[in-house]
1. For the chain, take the longest principal axis of its alpha carbons; what is the angle in degrees between that and the long axis of helix 474-494, to the nearest 10 within 0 to 90?
2. With only Lys, Arg, Asp and Glu charged, each at its Cβ (+1 for the first two, -1 for the last two), find how big the charge dipole of the chain is about the Cα centre; round to the nearest 20 debye.
3. Arranged by the count of other C-beta atoms within 10 angstrom, fewest first, what order do I407, I152, I632 take?
4. Give, in nm to one decimal, the length gained when the segment between D702 and V326 is fully stretched (0.36 nm per residue of separation minus the Cα-Cα distance).
5. Under the rule of at least 5 residues apart or a separate chain, name every residue whose amide H is placed under 5 Å from the amide H of G393.
6. Summing Lys, Arg as +1 and Asp, Glu as -1, what charge do residues with Cβ under 13 Å from the Cβ of E375 carry, E375 excluded?
7. Each residue of segment 330-339 in order: what ³J(HN,Hα) in whole Hz does its phi give by Karplus 6.51 cos²θ - 1.76 cosθ + 1.60, θ = phi - 60°, with x for Gly and Pro?
8. When the chain is fully extended, how far beyond the present Cα-Cα distance does S86 get from S416, taking 0.36 nm per residue of separation?
Amino acid sequence: MRVLKFGGTSVKSPEVINKVIGIVKSRMKKEKVVVVVSAFGGVTDELLNLSRVAASGDRSYRNDLEKLELRHLQAVRDLVKVADQSRVLANTKVMLNALDDVLHGIYLVRELSIKTQDFILSFGERLSSYIISEALKNAGVNAACADATSLIRTANDYGNATVDFNTTNRLIRKHFKNEKSLQVVPGFIASTKDGHISTLGRGGSDYTAAILAAALKVSELEIWTDVDGIMTADPRKVAKAFPVPRLSYEETMELSHFGAKVVYPPSIQPVMDLGIPFRILNTFNPDVPGTLVSKETSSTEVGIKGISSIDDVSLLTLHGSGMIGVAGVSMRLFGALARHKVSVIMISQASSEHSINFAVRPSDTATACEAIEEEFRNEMTLGHIEAVRVEEGMSIVAVVGENMRRIPGVAGKLFSSLGRNGINIHAIAQGSFELNISLAVGKRDISKALNVIHEGFFLSHMKTLNLFIVGTGTVGGTLLEQIRSQSAYLLENHHLELRVVGLTNTRKMIFDKEGVALGEWSEVLSKNGKKADFQKFMERMYACNLRNSVLVDCTSNETVASVYEQALDQSISVVTPNKIACSSAYAKYKALKRTAALRGARFLFETNVGAGLPVVSTLNDLIRSGDKIHKIEAVLSGTLNYLFNTVGPKSSLSKTVKVAREMGYAEPDPRIDLYGTDVARKILILARESGAELEVKDVKVDHFLPAQVRKAKDVDGFFKELEGYDKEFEEKRSALEKRKCKWRYVATYEKGKAVLALKEYTSDHPFYHIDGSDNIVLFTTSRYASQPLVVKGAGAGAAVTAAGVLADIVRVSV
Ligand code: ADP
Ligand code: ASP
Ligand code: MG
């Protein structure tokens, strides 16, 4: 024999009820079956609402009651053939009239006891079971609606009544002994010793099914719902959750206790006691195997089986010096709470016994505080125990798995993944069986925490980065295109998903948690974007509170650079080609590094020097692997290389600078390039990365332009002066040519000092052979002592810079 339970989600409409009929019929071919049904989806909530509105004296409950009546009558018309309809409609109407009467009574007396509430709620299951039994008959099944109130007996308590198993088991066995027809049993409802209707608590149809399964000692219980089984996490909160094939009773109990609504926790006990396996199956996808729950669990590599959460709790702390070493404090604490019917969801105690933390439902907070203050009044008056500390707006996350105890490092992984994402843990509890680790976190962080943990354990081969990109100019625009074109490759080969969640330029900004469509980002941004406001952009990024967030600054703007520290402080990684932050005051640079390390975020700026060339990362790798940097020599200005390679008898210095500016090689104000300002910043960054505490003013600049030229006040004046210098420059240059040498503007860092100077090289030096916008860096180190390590290649341009930024973004994920 087998019990099949169909939840509200599986009987929410006549269309779905037809699927249920198909499933029942197929099961009946194999063995005897008992069916348990919930109220039609949403009906219990509606009944609760109706009765509350009626009790408040508000007549509007009648409108909703009418809708509820129509829904049931329509279901009869859809499921029962015309010949039988009038009988079934009449019986349904009798029940609906009784419901109407009792609601009217409540409306008149404006009083709603919990006992009456149970009576009202019972109509949901009474109506659904009757209609479904008639629908089954209509489909040719010899079915009958059972009366649950004569099968399940409870104490005289309501709302969440206590089952009297002795009587219940006896009644059930007697009823089913000679029963030939398929019994459709309404879930959730029972009757008290005194013969009144009681209910088994919200979600209680699962319990009814388990009670029947245990009383009848069936071979298996099937719980049919709207998901493919018990999932690794609540699918409404973790989009990437997936079904778990096998769980033990204990694992299921822990998951459901901590909020996995898919099974009502008390249901597990009766079947667990007898070792009856049960399966969670999907009415909408009946061929998937679902989740099998039994004595055995299955082992998984990751050690954990699922994550669940209770979103709203209060965390209470009892603390005080008077608690240390005093026996019986916890007994008195939890005794007092139990007497006041406060159920404790989670407890954690520091080994010093100085404080006890515990979580309760928000509605129990006040009662809990009163109960504790009453119990410990004396100690509190004497100052041995402090007043109860209450933290509201908290959530609990529980990580569950029987094999956790066999796999080392589960807790480490859990805490480090939360830490890296800036999630603060307020309390921790670990069951002594190591079946469960529970954590209290702020409610604001719950969705992030669930997703971080889920990704860390179940999708460790798969990672999502949430990008917030500022700037859509040449570098930003190219980066967006590269992300788009690389996304399939990154997903397949690096299991990395890049989502551009926020995007802004100076005109518009846009947010999309699913990721902006990169094929048409420009249209989407201009059409759907809001007016840009950088401050709001940042606020929104913080409010999104997404895991693995990365701020990507593709501007050369100072305001943008000024927010890095705050972002890093929120555990948001920063990737930037913008040199401003790293070349500003040393204290600022250091603070950024420190904050990143403290918050577990990455601060990556490879493209600050030599665009996409691996200059900063090579330097870091050398230092990390224990090498000592003796000297860095670098040619880091593409503009100056172009000048020195192009100037000649036919192209004067001033003319070549103008051409470079027109071609976009040189800055609009070419003095920035020609005075070495840009190169100074780059060598400063390399010096700092090598451990030097330098400021930009400490970089010694040997100018190759005479003071006369450098005196110019503006760009026009500068060009004028430059023209005056053209002749002298050409003389020097042709002398250089005769010597078979080439000029390079070289940045050197050695013995703690950084210097820029124009130097000449013969063809046997690597600096001689550089073309176009190439950069070259020589690292002379302990390891590379006689022959320096050379990094050389294109050191400017949107494509290589964007590629370097993308490489840094990918680096954040590892
Ligand atoms: P029914 O009406 O069939 O009893 P419920 O709504 O009570 O269905 O429970 C099923 C729902 O539980 C699913 O639709 C899902 O949204 C939710 N749920 C929460 N946590 C989990 C989980 N870990 N696995 C599966 N479902 C879950
Ligand atoms: N109908 C009840 C509820 O919604 C019982 C159940 O569906 O399990 O809580
Ligand atoms: Mg349910």
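Where a number appears in this text, it was derived from the coordinates with a stated rule and is not lab data. These numbers come from a predicted model, not from an experiment. Cβ coordinates were reconstructed from backbone atoms using ideal geometry, including for glycine residues, and neighbour counts include every protein chain displayed.
1. Helix 474-494 sits at roughly 50 degrees to that axis.
2. 1080
3. Fewest to most other Cβ atoms nearby, the residues stand as I407, I632, I152.
4. So the chain would gain 127.8 nm between D702 and V326.
5. V313
6. Values: positive: R332, R339, R377; negative: E370, E373, E374, E379.
Here the charged neighbours net out to -1.
7. Values per residue, Gly and Pro as x: 5, 4, 5, 4, 6, x, 4, 5, 5, 4 Hz.
8. 112.3 nm
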